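Below is the structure I would like to discuss, written out as structure tokens.
Bear in mind these aren't lab numbers, they're just calculated from the coordinates by the rules spelled out. In this text the structure is predicted, and so the values were computed from the model without any measurement. FYI the Cβ positions are ideal-geometry reconstructions off the backbone, even for glycines, and counts take in every protein chain you see.
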Amino acid sequence: MERRQLIKHSAFAVAAFAFSKNLFAIQEERGMPNSFEGSNGGIIKLGSNENPHGPAESAKKAMIDAVIISNRYQFDTNAQLREAIGKLTGHSKDNILLGAGSSELLGVVTSWTAYKKGNIVASEPTFKVWLPAARKLGLPTKLVPLTASKHNDLNALASGMDADTKMVYLCNPNNPTGTVSPKTELEAFVKKVSSKTVLLLDEAYTDYYDSPSMAHMVNDNPNLIIAKTFSKTYGMAGARVGYVLAHPDTIKELSSFMAWANAGPSAVSMKGALGVINDKAFIDYVKSENIKAKAILYKGFDDLGIKYIESFTSFVYFDTKPYPKNIPAVLQASNIVGARPFEDNSTWLRISIGTVQEMTKVVEALKAGAAKA
Ligand SMILES: Cc1ncc(COP(=O)(O)O)c(C=O)c1O
């Protein structure tokens, strides 16, 4: 790529980040005080689908040991982590681009899309961290409602595409609803969409319930980009390590939209990811605790007559309609923050799954609140 083109690409990327929501606005939206950091301080944080069990001992040790190399740039560590991810997913390191969390890379794909002009097709509601940048960069977005059961409507998304569609975004399992689409339907969707345009498939939550991943399709479908993260099951949200899997040509194109070669996570964060990547015991623990904690919430909702969607993730989408009070306010009175809406004029909220103890407190607070009504 020519230098002039590169500068243009980088300017797009930088603009996209500058346009995204500021941190304080995000914290406020999630019901958190601006000064709040960390996972304790008496507040139970259930607004950002963070993993309450992380970071793993394996990640912590690796990050502590890595502090000593943080005077050097992170080129080698970047290559090591891409190798290790490739071993895990069955790819080569040329199929992988690392970012400071997968959100950075969702921004990079959005910048690439803006560079090509056109429009974006996505579900509503879904994870739309890329939307403010898309709007500022002049990309119209067609939002396609979920089905009545709050699943991604794959047929409607495919028919929502037109000749100007330059990106389809699909989050599977979907955030905020926690629903998954079946493997065969997803494979057909990947083939259909990626034969025409870029499909950005966000698989941030596939690991929790071994939901179908489409990672095996990237080498045959250069328009398929899969986003994954160390923020969820791996418990490293604040360390900021994410990646995309794609055809090597697509990876090259995307990396030209990053601020510079090997931008992305720090050496220390990547060493943490290398520490935890094969820590099966930690991942198994996270998954089984998530199941236990979620069962406590489901039981509480059943007792209170609250309808919810079966979730394949670390959060649950539920309908507050039968509850006699304002649920976020009831929870906040017990120092529990984060239950929040994702649709306009809707009674549905999303809450993250914390520890078994935290979800027990959520249910106790909801039951006490209902009893007092
Ligand atoms: C669906 C989805 N994708 C991507 C992300 C971004 O994760 P990160 O930038 O921490 O990797 C999140 C975070 O909540 C998410 O829910």
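Quick check on the chain: of the DSSP beta bridges with both residues there, what percent are antiparallel, nearest 5%? Write out the running numbers ahead of the final one.
Working: 16 of 36 bridges.
Beta bridges within the chain, antiparallel portion: roughly 45 percent.
Let me ask something else. Please express the Cα-Cα pair-distance distribution P(r) of region 69-137 as a list of whole percents, one per 10 Å bin, running from 0 to the bin with the greatest distance.
Result returned by the calculation: 17, 35, 29, 17, 1.
What residues from region 236-264 fall in the zone where the backbone N is under 19 Å from a label point 7 Å along the Cα-to-C-beta line of His53?
It comes to 236-239, nothing else.
Straight-line reach from Lys271: which lysines have a Cα under 22 Å away, not including same-chain ones fewer than 8 places off?
Hits, sequence-local ones excluded: Lys60, Lys61, Lys87, Lys93, Lys228, Lys232, Lys280.
I've got another one for you. Between Lys299 and Lys252, with labels modelled 7 Å along Cα→Cβ, what's the label distance in nm to one decimal, could you check?
5.7 nm
Follow-up question, since we're still on this one. Quick one: plug the Kirkwood hydrodynamic radius of region 178-237 (C-alpha pairs) into Stokes-Einstein at 10 °C, 1.306 mPa s, and report D in µm²/s.
On the way: Rh = 12.2 Å.
The estimated diffusion coefficient comes to 131 µm²/s.
In percent, how large is the relative contact order of the chain, given Cα pairs closer than 8 Å and 6 or more residues apart? Show your work: numbers first, answer last.
Values: 712 pairs, mean separation 89.9, N = 373.
Reported relative contact order: 24 percent.
When the C-alpha atoms of region 294-343 are aligned to their principal axes, what extent does each axis show, in angstrom, from largest down?
Principal axes ranked by extent give 27, 23, 21 Å for the Cα atoms.
Can you give me the long-range amide H partners of Leu224? Hydrogens built in the peptide plane at 1.01 Å from N, cutoff under 5 Å, separation of 5 or more residues or another chain.
Leu199, His247
Which of Ala246, Ala66, Ala281 ends up with the largest GNM mean-square fluctuation for the chain, with Cα atoms connected below 10 Å?
The residue with the greatest mean-square fluctuation here is Ala281.
Turning to a different aspect of this structure: Of all beta bridges DSSP finds with both residues in region 132-285, what is the antiparallel percent, to the nearest 5? Don't skip to the end; give the middle numbers.
Details: 4 of 13 bridges.
Rounded to the nearest five, the antiparallel share is 30 percent.
A further question follows. Under the rule of -39500 (n - 2.57) per DSSP H run of 4 or more residues, summed and divided by the residues of the chain, what mean residue ellipticity at 222 nm is obtained, to the nearest 500 deg cm²/dmol? Walk me through the numbers on the way to the answer.
Values: 13 runs with 156 residues, N = 373.
-13000 deg cm²/dmol, from helical runs alone.
Also: Would you mind giving the average projected area, over all directions, of the Cα convex hull of region 129-177 in nm² with one decimal?
Working: hull surface 15.0 nm².
Value for region 129-177: 3.8 nm².
Taking one equal scatterer on every alpha-carbon of region 233-327, how large is log10 of I(q)/I(0) by Debye at q = 0.10, 0.18 1/Å?
-0.50, -0.92
Rank by packing, highest mean first: peptides 224-230, 253-259, with packing defined as the count of other Cβ atoms within 10 Å averaged across residues. Walk me through the intermediate numbers first.
Numbers: 224-230: 26.1, 253-259: 19.6.
Packing order, densest peptide first, comes out as 224-230, 253-259.
Oh, and also: Which of the aspartates and glutamates could a cross-linker bridge to Lys142, judged by Cα under 12 Å and excluding same-chain residues fewer than eight apart?
Reachable aspartates and glutamates: Glu124, Asp162, Asp164.
Given N residues in region 176-295, what is Rg(Cα) / (2.2 N^0.38 Å)? Mind showing how you got there, number by number?
On the way: Rg = 15.8 Å, N = 120, 2.2 N^0.38 = 13.6 Å.
For region 176-295, the normalised Cα radius of gyration is 1.16.
How far is it, in nm, from the label point at Asn335 to the one at Asp76 when both lie 7 Å from their Cα along the line to the Cβ?
4.5 nm
Tell me, what is the FRET efficiency for Asp220 and Thr360 to the nearest 0.05, using R0 = 56 angstrom and their Cβ-Cβ distance as r?
Numbers: r = 47 Å, r/R0 = 0.84.
Once rounded, the FRET efficiency stands at 0.75.
Please order Lys142, Lys128 by the number of other Cβ within 10 Å, starting at the fewest. Provide the component values of the computation, followed by the final result.
Working: Lys142 15, Lys128 19.
Ascending Cβ contact count within 10 Å gives the list Lys142, Lys128.
Here's another thing I want to ask about it. So if R0 is 35 Å, what FRET efficiency would Ser346 and Ala281 give, r being the distance between their Cβ atoms, rounded to the nearest 0.05? Before the final figure, lay out the partial values.
On the way: r = 40 Å, r/R0 = 1.13.
After rounding to 0.05, the efficiency reads 0.30.
Stokes-Einstein at 4 °C, 1.567 mPa s, Kirkwood radius from Cα pairs: D for region 261-373 in µm² s⁻¹?
Details: Rh = 15.8 Å.
In µm²/s, the coefficient rounds to 82.
Okay, moving on. Once all Cα-Cα distances of region 113-233 are split into 5 Å bins that start at 0, what whole-number percent is in each one?
Calculated over all Cα pairs of region 113-233, the distribution is 2, 12, 23, 25, 22, 12, 4, 0 percent.
Could you tell me what fraction of 2.2 N^0.38 Å the Cα radius of gyration of the chain comes to, as a two-decimal ratio? Before the final figure, lay out the partial values.
Working: Rg = 20.4 Å, N = 373, 2.2 N^0.38 = 20.9 Å.
Normalised Rg, Cα atoms only: 0.98.
Please list, or write none, the lysines whose alpha carbon is within less than 23 Å of the alpha carbon of Lys367, excluding same-chain residues fewer than 8 places away.
Partners within reach: Lys45, Lys292, Lys294, Lys299, Lys307, Lys321, Lys325.
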